[in-house]
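Accompanying notes for the structure given below.
The values are calculated or read from the model by the stated rules, or taken from the named source; none is laboratory data. Worth saying up front: this structure is predicted, and the values here are computed from it rather than measured. No Cβ is skipped: glycine too gets one built from the backbone with ideal geometry, and neighbour counts run over all protein chains shown.
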């Protein structure tokens, strides 16, 4: 799993590449929690190159979403592949995460 | 019935990657559609992670058997996966259904893995046999017309 982070304005962009499973999820959790500790509360996670997600990956996203919500922030996701989106739907995660077709659309949604 | 794969792994989370790579290899040989392959991979990942993380009360090494075969013909072909472990009795079918409608603050992650497996597979069958958990999963293959 490759995780890249950069910040533009008030939004922190994370891009994920590879598999988010029980082995790699702790890396994302570390990174996400460190960023939240450093006062970053609005995230866009670009999943264009995310090939796989298991419940371990969903758990990390949920932990992050709860933390940022306490600070009025949000984690939004963009570019989910069809099979990843299906896992989100089955898990009931489409009701708690905003999903966008592009990172630009996700970014615009923060502005409104 | 056509045997596709039969392997034994030890109760070490690192072994899951080995199972997945063998499944990927089998999938391209059969071949399986991407959706079926992903459903099988995710289910095995969730179930093996559960067994290895919570299935044992000791620090000994244990073997888990994974068998995969094909059944049926033409329009009703199935992939069958059987997991056998000697861990504590655990019937995933008895687990309480997760409440998917809870708001973010109350949303719990426990049980989500099993929920994914139940939704991704067409049938699950559990049996406790000679101090072993025997879990059989069945996934229907899509016909060429559907895929």
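I need the full set of residues from segment B:1-37 which are touching a residue at least 40 places away in the same chain (Cβ under 8 Å), within 12 Å of chain A (Cβ to nearest Cβ) and under 25 Å from residue B:76 (Cβ atoms), in order please.
Those that are touching a residue at least 40 places away in the same chain (Cβ under 8 Å), within 12 Å of chain A (Cβ to nearest Cβ) and under 25 Å from residue B:76 (Cβ atoms): B:33, B:35, B:36.
Within segment B:111-121, can one find any residue that is within 14 Å of another protein chain (Cβ to nearest Cβ), over 18 Å from the mean Cα position of the chain (by Cα), assigned to a helix (DSSP H, G or I) and surrounded by 12 or more Cβ atoms within 10 Å (Cβ to Cβ)?
Looking through segment B:111-121, none of the residues is within 14 Å of another protein chain (Cβ to nearest Cβ), over 18 Å from the mean Cα position of the chain (by Cα), assigned to a helix (DSSP H, G or I) and surrounded by 12 or more Cβ atoms within 10 Å (Cβ to Cβ).
Mind checking whether some residue in segment B:10-20 is in contact with a helix residue (DSSP H, G or I) (Cβ under 6 Å, 6 or more places away or on another chain) and more than 27 Å from residue B:131 (Cβ to Cβ)?
yes
Give segment A:98-112 a look and list any residue that's surrounded by fewer than 20 Cβ atoms within 10 Å (Cβ to Cβ) and either touching a helix residue (DSSP H, G or I) at 6+ places or on another chain (Cβ under 6 Å) or at pLDDT 95 or above (or both), or say none.
A:98, A:99, A:100, A:101, A:102, A:104, A:105, A:107, A:108, A:109
For segment B:59-77, give me each residue that is surrounded by fewer than 13 Cβ atoms within 10 Å (Cβ to Cβ), modelled with pLDDT of 95 or more and outside any strand (DSSP E or B).
Residues satisfying the conditions are B:60, B:61.
Here is a check on your reading of the model: is residue A:23 part of a loop (DSSP other than H, G, I, E, B), within 13 Å of another protein chain (Cβ to nearest Cβ) and within 30 Å of residue B:54 (Cα to Cα)?
yes
Exactly one of (1) touching a residue at least 24 places away in the same chain (Cβ under 8 Å); (2) more than 9 Å from chain B (Cβ to nearest Cβ); (3) closer than 24 Å to residue B:36 by Cβ is unmet by residue A:54. Its number?
(2)
Does residue A:74 satisfy the criteria of being surrounded by fewer than 20 Cβ atoms within 10 Å (Cβ to Cβ), farther than 23 Å from residue A:105 by Cα and within 13 Å of the chain's Cα centre (by Cα)?
No: the conditions fail for residue A:74.
Within segment A:78-112, how many residues are part of a strand (DSSP E or B) and within 14 Å of chain B (Cβ to nearest Cβ)?
Adding up the residues that qualify gives 1.
List the number of the failed condition for residue A:80; all other conditions in (1) modelled with pLDDT under 95; (2) buried (at least 18 other Cβ atoms within 10 Å of the Cβ) hold.
Every condition holds for residue A:80 apart from (1).
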